[in-house]
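Since the structure comes first, as structure tokens, the remarks are kept for the end.
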Amino acid sequence: MNMTFWLAYKMLFGNLKRAIFPFMGVLGGIAALIISLSLGAGGEKLISSNLMAIGSNRIVLGGDELGRRDIQILENYPFVEYVFFPEARRQTGDNIFRGYSKRSLLALGLNTNIGDREVIIDKSQFPDKKVGDNLEISIDGRRQVFIVAGLYEEENPFELMRQGNRIIVSQDYFERLFGIYRFNQIVVSFYPDENSEDLIPIVLNKFNLDRRGYKDIKLLETPEVYKRILKIQKIVKNSLGILAFVSLCLGGFGIMNLIAGGVRARTVHIGILRAMGMSKDDIVKLFLTEGIIIAIAGTICGIIFGIIGSFIIGKIIIIPPVFKILKILFYLIISLIFGIGIGIFPARRAGEMSVIDALREN
């Protein structure tokens, strides 16, 4: 086995020009595989955690003079997870204040016990602040001091597009702080396992009945708009899956091309080795070993370039790469097995070649 490896090593590095193209094929295939898998996982996470966070199972209701009492009514329904007013937003200077109910804060994974003058801030916009610090902000020309009760990082792409420092307060305090007590829209989010389409007429009838004499509420938006996000997610996932498959094949065919090219270029060498007593099986092992050396070297370099490329491309297209190690490892193993597996055919052809035919090629 040591002699086979030594011969493969000598044959490979004795003609680097011939080996460089298969090596680049393996490197490019593995790098493209890692880039497509990492950015694909990053894109899928972005769609799932960000766009789906906008509301995969929500409806928007509209009506005159919606208030805090309506939040209490809706959140008492067993199928409602949380409720908030999208209009509970006020921009003052460079800051955007948003008011959320306790149930909304709980769903967002934030501190629900925030009182007056307590705020939750986006840590990316206030990097020098920590929980317990004072935050001084000007509101309508008056300087006010708040206490930082929590930190979070905004992921909703619609919020990220808005200019301003994001500051979250409780719905109660938002109303008192800005003197806004009435709203025209309310977002109702159902629990994930609830069928929102079936619940829409129930909510409308029950909510209008429980409001007792207030003007009727109407449906402004259904979850249908968010179902398009699922279709986008599926298209992205399938497209990246095809790209990963092509990358896998590219790496595999690079290995096969190396072995097949070696057989064609070294026909005379095969004849000499056979004449010297090397068996057919040893010839097959020789070319397979050569392919394995290239495969391992190309895979290692491809991993390095793939990781670097993922971060560079991710920075350009604003999709942070997510490296799912087990999934990447699975595809790498499949790529190597596929390449070496299809490389057996040209290697076996070399082993079956007769000594006379091989020498005659000279």
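The values are calculated or read from the model by the stated rules, or taken from the named source; none is laboratory data. Keep in mind that this is a model prediction, so the values were computed, not measured. Here the Cβ positions follow ideal geometry from the backbone for every residue, glycine too, while neighbour counts run over all protein chains shown. Areas reflect the complete protein model, heavy atoms only, side chains present, ligands, DNA and RNA absent. Shrake-Rupley method; radii C 1.70, N 1.55, O 1.52, S 1.80 Å.
Residues that are touching a Leu at 6+ places or on another chain (Cβ under 6 Å), modelled with pLDDT under 60, assigned to a helix (DSSP H, G or I) and farther than 19 Å from residue 308 by Cβ do occur in the range 8-24, at least one of them.
Restricting attention to the range 92-150 and to residues that are in a strand (DSSP E or B) and among the basic types (Lys, Arg), the residue that is least open to solvent (accessible area, probe 1.4 Å) turns out to be 98.
Within the set 243, 219, 177, the sole residue that is of a type outside the set (Val, Ile, Thr), surrounded by 16 or more Cβ atoms within 10 Å (Cβ to Cβ) and either more than 29 Å from the chain's Cα centre (by Cα) or modelled with pLDDT of 90 or more (or both) turns out to be 177.
Between 103, 117, 69, which is of a type in the set (D, E, K, R), closer than 30 Å to residue 202 by Cβ and touching a helix residue (DSSP H, G or I) at 6+ places or on another chain (Cβ under 8 Å)?
One residue alone meets the criteria, 103.
On the stretch given as the range 58-79, residues that are part of a strand (DSSP E or B) and surrounded by 19 or more Cβ atoms within 10 Å (Cβ to Cβ) total 5.
With the structure loaded, tell me whether residue 280 is of a type in the set (Lys, Arg), at pLDDT below 80 and open to solvent by 50 Å² or more (accessible area, probe 1.4 Å) or whether it fails that test. It is true that residue 280 is of a type in the set (Lys, Arg), at pLDDT below 80 and open to solvent by 50 Å² or more (accessible area, probe 1.4 Å).
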